[in-house]
1. Consider SER60 carefully, then state whether it is of a type in the set (Gly, Ala, Ser) and buried (at least 19 other Cβ atoms within 10 Å of the Cβ).
2. How many residues are on the phi > 0 side of the Ramachandran plot and either in a helix (DSSP H, G or I) or without any contact (Cβ under 8 Å) to a residue 12 or more places away in the chain (or both) if we restrict to segment 126-144?
3. Given (1) more than 24 Å from ASP14 (Cα to Cα); (2) of a type outside the set (S, T, N, Q); (3) without any contact (Cβ under 8 Å) to a residue 40 or more places away in the chain, identify the lone condition not met by LEU119.
4. Being exposed (fewer than 13 other Cβ atoms within 10 Å of the Cβ) and either outside any helix (DSSP H, G or I) or not charged (D, E, K, R) (or both) is the filter here; which residues of segment 145-158 pass it?
5. Given the condition of a type in the set (D, E, K, R) and out of contact with any Gly (no Cβ under 9 Å at 6 or more places or on another chain), answer yes or no: does some residue in segment 69-92 qualify?
6. So which residues in segment 88-121 are in a loop (DSSP other than H, G, I, E, B) and either modelled with pLDDT under 95 or among the basic types (Lys, Arg) (or both), if there are any at all?
7. Quick one: what pairs do we get from segment 160-173, first residue modelled with pLDDT of 95 or more, second in a helix (DSSP H, G or I), C-beta under 8 Å, 6+ apart or different chains?
8. How many of the residues in segment 50-68 are in contact (Cβ under 8 Å) with a residue 40 or more places away in the chain and either closer than 21 Å to LYS176 by Cβ or in a strand (DSSP E or B) (or both)?
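The values are calculated or read from the model by the stated rules, or taken from the named source; none is laboratory data. None of the values given here were measured: they were computed from a predicted structure. All Cβ positions, glycine included, derive from the backbone under ideal geometry; neighbour counts span all protein chains shown.
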Amino acid sequence: MKDVSMEPTIHVGDRIIERKVQYDGKVVEHDCRVLKADHGGLVLFHEIAVPFTMMANGESLTIPQGSYTIAHYWFDRPYNLYIWRDHKGGYLGSYFNIVRNTTLHAGVISFEDLIVDVLVTSDGEVAVLDLNELPEPLQQFEKGDVYRALQELVESLDILLLQLRNEADADFEHEKLVQWLA
């Protein structure tokens, strides 16, 4: 577990890189800004520059250009969370990545993505994604760690997401974040 207090001072508004190491080794990076930092993890802001659409349960969810992510990273949890808002601050949905090895070093928050994700739409529909991409059955993949992380997340999802959305609404008001939108 990485303690933020061991990093050089991190301030709200500082630029930081999110580095996602995909299971196949491909690295994807995003420029972000710090919204909150403490010993347990970080909360970052990221503007969506390129729109994308996700499919789940026969429905599509589009995250448009100009919307943004409030991203939560924990050093002691097997997942991270993206809360998506549109350019006016309206809630679009949430997305949990099942991850491992979340670390902070030299202005980079890095994590290893373990393929499986959980999407929660704005109307509360929940979908587990990308199970078809696993190289072996979920219960055996990564010695069962991903299965256990998914079970832990699903069991606490309603309370966890409500708490974090309420925190985001209270602590990260749209009016304070709009300065970082292009």
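1. Criteria not met by SER60.
2. Residues of segment 126-144 that are on the phi > 0 side of the Ramachandran plot, as a first pass: 130, 142-144.
Going one step further and asking which of them are either in a helix (DSSP H, G or I) or without any contact (Cβ under 8 Å) to a residue 12 or more places away in the chain (or both), we end up with 142-144.
So the answer is 3.
3. If we test LEU119 against (1) more than 24 Å from ASP14 (Cα to Cα); (2) of a type outside the set (S, T, N, Q); (3) without any contact (Cβ under 8 Å) to a residue 40 or more places away in the chain, just (3) comes out false.
4. Result: GLN151, SER156.
5. Yes, that holds for at least one residue.
6. Matches in segment 88-121: LYS88, ALA106, GLY107.
7. Matching pairs, first to second residue: LEU160/LEU153.
8. Count: 6.
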